[in-house]
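Following: one structure in structure tokens, then a few remarks.
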Amino acid sequence: MNTLILGNRPAAQRRADIVRAWKTGKPEDAARLDFESLEGAWQLLSTKRWAILRTMAGQGPLAIREIARRVGRDVRAVHSDVRALHLSGVIDKTPEGQMILPYDTIRLDFEFETQKAA
């Protein structure tokens, strides 16, 4: 299964995982995108961007105009959201310029420590 995990693991843990994968030669089971803060995650993963991801799921390559049509939004606004998702690595661009969600599963893995938040 081709999985993307979105989370907020600390930088030290991310570095340790990279070192472990490098030393063992065994790649991670899933791609990961970790955010420094929950606020940063919510900035990228807005409600409108989640709608784009849900629309693209399992659809293969789609033109930005088609994505905009399917989500019922302006092409310029969708282009901006798609660009942010592409630059972050959540979606890919085909050689023909269409956008594709390359993952079968997107899993959220966020931790919120209540004692540190106070």
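Coordinate-derived values only; no laboratory data. In this text, all values refer to a predicted model and were calculated from it rather than measured experimentally. FYI the Cβ positions are ideal-geometry reconstructions off the backbone, even for glycines, and counts take in every protein chain you see.
Structure data summary
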{"quantity": "Contour excess over end-to-end distance, with Cα ends at Ala11 and Leu108 and 0.36 nm allotted per residue", "calculated": "33.2 nm"}
{"quantity": "Mean Cβ neighbour count within 10 Å, used as a protection proxy, ranking 84-97, 49-62 highest first", "calculated": "49-62, 84-97"}
{"quantity": "J(HN,Hα) series, the stretch 65-75, from Karplus relation 6.51 cos²θ - 1.76 cosθ + 1.60, nearest Hz, glycine and proline x", "calculated": "4, 5, 4, 4, 4, 5, 8, x, 10, 5, 4"}
{"quantity": "Computed over the chain, the ratio Rg/Rh where both radii use C-alpha atoms and Rh is Kirkwood", "calculated": "1.02"}
{"quantity": "Ranking of Glu28, Glu39 by count of other Cβ atoms within 10 Å, fewest first", "calculated": "Glu39, Glu28"}
{"quantity": "Projected label distance in nm at Arg70 and Ala57, using a 7 Å step from Cα toward the beta-carbon", "calculated": "1.2"}
{"quantity": "Candidate aspartates and glutamates - alpha carbon under 18 Å from Lys26, same-chain residues fewer than 8 apart omitted", "calculated": "Asp17"}
